[in-house]
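In what follows, a structure is listed as structure tokens, so that the remarks can point back to it.
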Amino acid sequence: MTAAELLERFAAAAEAQRAALTSLTGVERRTRTERDGQYHLDTVADAAVLPVLAELPVRVLSEESGWTGAPDADVTVVVDPVDGSTNCSRGIPYWGISLCAIDADGPLCAYVENGATGARYTAVTGEGAWLDGEPLAPSDVTEVERAVVAIVGMPPTTPPWRQFRSLGSAAIALCDVAAGGLDGFLDCTDDMHRPWDYLGALLVCRESGACITDARDRELVVADPAARRQPVAAGTPELLDTLRAVLST
């Protein structure tokens, strides 16, 4: 099973997700389930994506339905069927799907798609990262005073950044750091993010040359539904260090 074969299935899963969500009315998109934080649209997307991934000889970890597939599979696919569910429920065009294949050695390939715009971010370990087939490169901004930074939550102090954004999808925002549209990403929450929120974008960042780490230096590549992490990313090591320092003030 090659990275190309995995990415082909990931693209098919994204297509199935879009088709399923397109069928929902606005009211249906805003309907919540009995599970805390979950929308009806999350379960609809999950039900569309899982049969596509079931065609692969992999184990699947989904935000919405947990573990499926062969427990002894060599490859695990971590998927968030809808990252940015609140945006999707309210018609805000910044939401998508995130998939990352990992094995015992780490990430193999990743696919993140903005469901509202169709922008597709892909990455293969050791081969690079792309946006709609074009190679990615992060920004070269080193000074926070020149940086446009995406944040989650509020920082303990207000850094002197040029501008900031709170966008509502960690996966897409991190990919936008990889693409240079954003200079950095700062998670100011107390371990809000789980692996499906950032794993796909993590590989996109790494393969583009962007820097990404956990604020507490924990391993980010984990396939544990209970794990929580605090990702920080930037186009340059200098900006990454500045953003990490914000959290310790």
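Taken over the range 9-49, residues that are more than 18 Å from the chain's Cα centre (by Cα) and of a type in the set (D, E, K, R) amount to 7.
Taken as a whole, the structure places Met192 among residues that are open to solvent by 30 Å² or more (accessible area, probe 1.4 Å), closer than 14 Å to Gly84 by Cβ and modelled with pLDDT under 95. Restricting attention to the range 36-87, the residues that are part of a loop (DSSP other than H, G, I, E, B), without any contact (Cβ under 8 Å) to a residue 24 or more places away in the chain and aliphatic (A, V, I, L, M) add up to 3.
Condition check ((1) among the hydroxyl-bearing types (Ser, Thr, Tyr); (2) open to solvent by 20 Å² or more (accessible area, probe 1.4 Å); (3) assigned to a loop (DSSP other than H, G, I, E, B)) across all residues:
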| position | (1), (2), (3) |
| --- | --- |
| Gly180 | no, yes, yes |
| Tyr198 | yes, no, no |
| Ala201 | no, no, no |
| Val204 | no, no, no |
| Thr213 | yes, yes, no |
| Arg218 | no, yes, yes |
| Val222 | no, yes, yes |
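Only a single criterion out of (1) in a loop (DSSP other than H, G, I, E, B); (2) touching a residue at least 24 places away in the same chain (Cβ under 8 Å); (3) open to solvent by 50 Å² or more (accessible area, probe 1.4 Å) is not satisfied by Ser139, namely (3). Could you tell me whether any residue of the range 147-169 is in contact with a helix residue (DSSP H, G or I) (Cβ under 6 Å, 6 or more places away or on another chain) and within 19 Å of Thr122 (Cβ to Cβ)? No, because not a single residue in the range 147-169 is in contact with a helix residue (DSSP H, G or I) (Cβ under 6 Å, 6 or more places away or on another chain) and within 19 Å of Thr122 (Cβ to Cβ). In the range 101-129, what residues are surrounded by 24 or more Cβ atoms within 10 Å (Cβ to Cβ), closer than 23 Å to Arg90 by Cβ and of a type in the set (Val, Ile, Thr)? Within the range 101-129, Val112 is the sole residue that qualifies.
Asp191 - would you say it is in a helix (DSSP H, G or I), in contact (Cβ under 8 Å) with a residue 24 or more places away in the chain and acidic (Asp, Glu)? Quick ask: steps written out before the conclusion?
Values: in a helix (DSSP H, G or I): no; in contact (Cβ under 8 Å) with a residue 24 or more places away in the chain: yes; acidic (Asp, Glu): yes.
When the stated conditions are applied, Asp191 does not pass them.
Just one of the listed residues (Leu167, Leu174) is assigned to a loop (DSSP other than H, G, I, E, B), modelled with pLDDT of 95 or more and either under 16 Å from the mean Cα position of the chain (by Cα) or under 21 Å from Tyr94 (Cα atoms) (or both), and it is Leu167.
The values are calculated or read from the model by the stated rules, or taken from the named source; none is laboratory data. All values derive from a computational prediction rather than experimental measurement. Ideal geometry is used to build each Cβ from the backbone, glycine not excepted, and the neighbour counts take in all protein chains shown. These area figures cover heavy atoms from the full protein model, side chains too; ligands, DNA and RNA do not enter into them. Shrake-Rupley method; radii C 1.70, N 1.55, O 1.52, S 1.80 Å.
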